[in-house]
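The block underneath contains the structure these notes are about, expressed in structure tokens.
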Amino acid sequence: MLFRILKNSFLKRPKAVVLVFISIAMGAAVATAFLGIAGEVSHKMALELRSYGANILLEPAAVEGGGYLRETDLPKIKTVFWKYNITGFAPYLFGVADLSANGKKERAVVSGTWFAKQLEVPGEEASVQGIRGIAPWWEVNGRWPEGPDEAVVGASLAKRLNVGLGSEVGATVRGRAARFRVAGVVTTGGFEEEQLFAPLVTVQDFLGKPGQVSRVLVSALTVPMDDFGRKDPNSMSKDEYEKWYCTAYVTSVAKNVEEVMAGSRAKPIWQIASAEGALLKKLNAVMLLLTVLALGASASAVSTSLMASMAERSSEIALMKAMGADRFQVAAIFLGEVLIVSTAGGFFGYLAGNQLAALISHSVFNSAIASPLWLFPTAIVSAFLVALAGSVAPLRRALNIEAVRVLKG
Amino acid sequence: MTVPTIQTAGLTKGYGDICALKPLDLQVAEGEWLSVMGHSGSGKSTLMNLVGGLDRPSGGSLSVGGQDLSALSEDGLARFRREFVGIIFQQHHLVPYLSAVENVMLSQYFHSVPDEAEARLALERVGLGHRLKNRPGELSGGEQQRVCIARAIINSPKLLLGDEPTGNLDHKSTVMVLELLKELRAEDRFTVVLVTHNEEVAAWGDRTIYLDDGVLVREERLRS
Ligand SMILES: Nc1ncnc2c1ncn2[C@@H]1O[C@H](COP(=O)(O)OP(=O)(O)OP(=O)(O)O)[C@@H](O)[C@H]1O
Ligand SMILES: [Mg+2]
């Protein structure tokens, strides 16, 4: 019977029903779209942010005695548990040398590194590693080094040595000598402008430290630190440790990398990591807030249209009450209608929202997104919530209708 | 002597300053047909709504079918209405988007479970066996009122209330409706209270009471 009442009442008042349906579907669509791209947005934002610097520093564990890391260990970084979170890394070998060019002499740091090294690791995808990947904001006037004796010189060092593109720079250290051709002058806005960067092998040779590396900077995607992430892993129970290890905290990724680099100690570079986490948190909060606002707006639209149809139906409800329908029975009819409309609205909202998310993702990030499985139930549930929230006031009004006054003969 | 179906003592109803019903003592015996007359605004509908559990008294006692109505909760009154009372209004008050048989079934639905065969039977009893599937808009005034009667009696109420049920009908339809009520009462033995402006309609009852300004001023027994 309830079904018959609902069916006929829908058929009789298609406009009112469609209005409520549209309000609910719009709310569900917006919620679906926002929630659907929220994950995508934070991922993409994290990637963009990641390009502003490395967040893990690997150093030799024994600092005294000039410990070094082994270059041969580097490919292992691409094999660790969190390898997919590691977006890039670059090794460095430092040494202070006496530089000379055009009759000028300066003492400065000579840094051997990878610029863009093709890295083949058995069983893993080939990748390109080096400074160009983890420090894309470096501005090179000229070009990156290609030959073994080419170098980029920090802008401020270049000024002091009075060198430009194509100049030759001589370097000596403890009786060893090397010559570098300046391929580019680099502006970074940091201490790097005081250094000379040359291919790692060349510098290893020059400094007499074959196969050695002083430090490695690693850039990894991490989740924001929370209270659990800040706990000391050494004091954790086995289960806790496992959970910690399997969460992409910057500390656990660091630990992960440390394990494959013999004799190393990994340190998170905190400022960047935490600023990034905070930013992503805010971004997610904004997305959530927008979603809630959209749902709120659609709930109030639902409420308004239900109120209007309630006014139209007050005599019908009064009649039902006069026939002895109690509050529960009146509410059942009312909520039954709302439930049906919101299920349909949630379904269509989900479909529309998915399209919207794909559209947004395509136009903003130029990529397709896979909608997560939980999105469908979420869309339906948010449609229900919108419908229920929008029903409170109209339902109260329906229950408060006084049959006597409405039916007065 | 059985308990009267309706028993009031000092029953009053006020709307703000207006006293629509002055202290009223009234008894209606089981199976009796009572006609209520009085000019407009004399409190007939007010009395009807109180007795039907649609409204609450301001004072005095009101017992219908042995139940003290002023002691019932909102849902208790709803339950009383669906189980004990059948109501027919002047305006037909059918649900416009439901067919005749569905309108009758609606009452069953609130009462217990809808039973289409039974609802059909009730409509046949009021002579509408051939208009089951029609919507109220497709029925004449008299036919609509007969649907209301079928709906009012479907749950076998002990008390049938009519607030000017024939007020909108022509003479022929009026007689038809009253005849029908008389027949049904003979079979189902319910008590009838009918409000009317029309002496002729009132004459179908066993007794007529006259209200004036909320006061019972006169009473006339026609048959016992
Ligand atoms: N809800 C209300 N609020 C205020 N006053 C009311 C209300 N309902 C009825 N009244 C007043 O109570 C008095 C009795 O009204 P009632 O409806 O019982 O009259 P009636 O005898 O049924 O009249 P009619 O023959 O016109 O239907 C009237 O003066 C009316 O104005
Ligand atoms: Mg009246």
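The values are calculated or read from the model by the stated rules, or taken from the named source; none is laboratory data. Owing to the predicted nature of the structure, the values given are computational and were not obtained by experimental measurement. Cβ coordinates were reconstructed from backbone atoms using ideal geometry, including for glycine residues, and neighbour counts include every protein chain displayed.
Suppose we keep only residues that are within 16 Å of ligand 2 (Cβ to nearest atom) and not charged (D, E, K, R) within segment B:138-167. Which one would you say is modelled with the lowest pLDDT? Taking the candidates together, the pick is B:Gly167.
Out of curiosity, is A:Gly67 assigned by TED's automatic domain parsing to the domain that holds A:Gln204, over 30 Å from A:Thr247 (Cα atoms) and assigned to a loop (DSSP other than H, G, I, E, B)? Yes: the conditions hold for A:Gly67. Annotation note: Cβ proximity below 9 Å between a residue of segment B:1-14 that is farther than 13 Å from B:Leu216 by Cβ and a residue that is of a type in the set (Phe, Trp, Tyr) and surrounded by 15 or more Cβ atoms within 10 Å (Cβ to Cβ) (sequence gap 6+ or interchain) occurs for B:Thr5/B:Phe190. For segment A:381-409, the candidate set comprises residues that are away from chain B (no Cβ under 14 Å) and touching a Ser or Thr at 6+ places or on another chain (Cβ under 7 Å); within that set, the residue that is farthest from ligand 1 (Cβ to nearest atom) is A:Ala383. Within segment B:104-115, the residues that satisfy the criterion of being at the interface with chain A (Cβ under 7 Å from one of its Cβ atoms) and hydroxyl-bearing (Ser, Thr, Tyr) are B:Ser107, B:Tyr109.
Across segment A:360-409, the qualifying residues are those that are part of a loop (DSSP other than H, G, I, E, B) and not small (Gly, Ala, Ser), and the one among them that is farthest from the chain's Cα centre (by Cα) is A:Lys408.
Residues in segment B:1-28 that are under 21 Å from B:Leu72 (Cα atoms) and within 9 Å of ligand 1 (Cβ to nearest atom): B:Lys13, B:Gly14, B:Tyr15, B:Leu21. Of the residues in segment B:88-103, none is away from ligand 1 (no atom under 16 Å from the Cβ), out of contact with any helix residue (DSSP H, G or I) (no Cβ under 8 Å at 6 or more places or on another chain) and more than 9 Å from chain A (Cβ to nearest Cβ).
The residues of segment B:56-78 that are closer than 17 Å to B:Ile153 by Cα and touching a Ser or Thr at 6+ places or on another chain (Cβ under 9 Å) amount to a single one, B:Gly65. Quick check, is A:Arg181 touching a helix residue (DSSP H, G or I) at 6+ places or on another chain (Cβ under 9 Å) and charged (D, E, K, R)? The answer is no for A:Arg181. Go through segment B:39-77 and count every residue that is surrounded by 15 or more Cβ atoms within 10 Å (Cβ to Cβ) and within 16 Å of ligand 2 (Cβ to nearest atom). Count: 13.
Filtered by the rule that a residue be surrounded by 13 or more Cβ atoms within 10 Å (Cβ to Cβ) and over 26 Å from the mean Cα position of the chain (by Cα), segment A:118-147 gives A:Val121, A:Val140, A:Asn141, A:Gly142, A:Trp144, A:Pro145. Elements of the type helices (runs of 4 or more DSSP H) sitting completely within segment A:218-333 and holding at least 3 residues that are within 14 Å of chain B (Cβ to nearest Cβ) and under 30 Å from B:Val113 (Cβ atoms): these cover A:270-322. On the given criteria, is B:His39 in a loop (DSSP other than H, G, I, E, B) and within 14 Å of chain A (Cβ to nearest Cβ)? So B:His39 does not fit the description; no. Given the structure, is B:Gly31 away from ligand 1 (no atom under 13 Å from the Cβ) and either in contact (Cβ under 8 Å) with a residue 24 or more places away in the chain or more than 14 Å from chain A (Cβ to nearest Cβ) (or both)? Spelling it out, B:Gly31 is indeed away from ligand 1 (no atom under 13 Å from the Cβ) and either in contact (Cβ under 8 Å) with a residue 24 or more places away in the chain or more than 14 Å from chain A (Cβ to nearest Cβ) (or both).
Scanning segment B:178-199 for residues that are more than 16 Å from ligand 1 (Cβ to nearest atom) and either outside any helix (DSSP H, G or I) or within 14 Å of chain A (Cβ to nearest Cβ) (or both) yields B:Arg189, B:Phe190, B:Thr191, B:Val192. Cβ separations smaller than 6 Å between residues 6+ apart or across chains give the following pairs from segment B:43-59 residues that are at the interface with chain A (Cβ under 9 Å from one of its Cβ atoms) to residues that are part of a loop (DSSP other than H, G, I, E, B): B:Asn49/B:Asp55. Of all residue pairs spaced 6 or more apart or on separate chains, those with beta-carbon atoms under 7 Å, a first member in segment B:155-175 that is closer than 20 Å to B:Thr191 by Cα and a second member that is among the small types (Gly, Ala, Ser) and not in a strand (DSSP E or B) are B:Asn155/B:Ser107; B:Lys158/B:Gly65; B:Leu159/B:Gly65; B:Leu160/B:Ala152; B:Leu161/B:Gly52; B:Asp163/A:Gly409; B:Asp163/B:Ser45; B:Glu164/A:Gly409. Looking only at segment A:1-28, residues that are surrounded by fewer than 21 Cβ atoms within 10 Å (Cβ to Cβ), at the interface with chain B (Cβ under 8 Å from one of its Cβ atoms) and within 12 Å of B:Glu102 (Cα to Cα) come to 4 in all. Of all residues assigned to segment B:121-136, at least one qualifies as being assigned to a helix (DSSP H, G or I), closer than 22 Å to A:Val330 by Cα and at pLDDT below 95. For B:Gly38, are the conditions met, namely being touching a helix residue (DSSP H, G or I) at 6+ places or on another chain (Cβ under 7 Å) and within 15 Å of ligand 1 (Cβ to nearest atom)? It is true that B:Gly38 is touching a helix residue (DSSP H, G or I) at 6+ places or on another chain (Cβ under 7 Å) and within 15 Å of ligand 1 (Cβ to nearest atom). For segment B:52-80, the tally of residues that are over 14 Å from A:Met323 (Cα atoms) and not in a strand (DSSP E or B) stands at 10. Looking across B:Gly167, B:Gly162, one residue alone is within 16 Å of ligand 1 (Cβ to nearest atom), within 14 Å of chain A (Cβ to nearest Cβ), part of a loop (DSSP other than H, G, I, E, B) and surrounded by 14 or more Cβ atoms within 10 Å (Cβ to Cβ). It is B:Gly167. Regarding B:Asp75, is this residue charged (D, E, K, R), over 22 Å from B:Thr166 (Cβ atoms) and within 14 Å of another protein chain (Cβ to nearest Cβ)? Yes.
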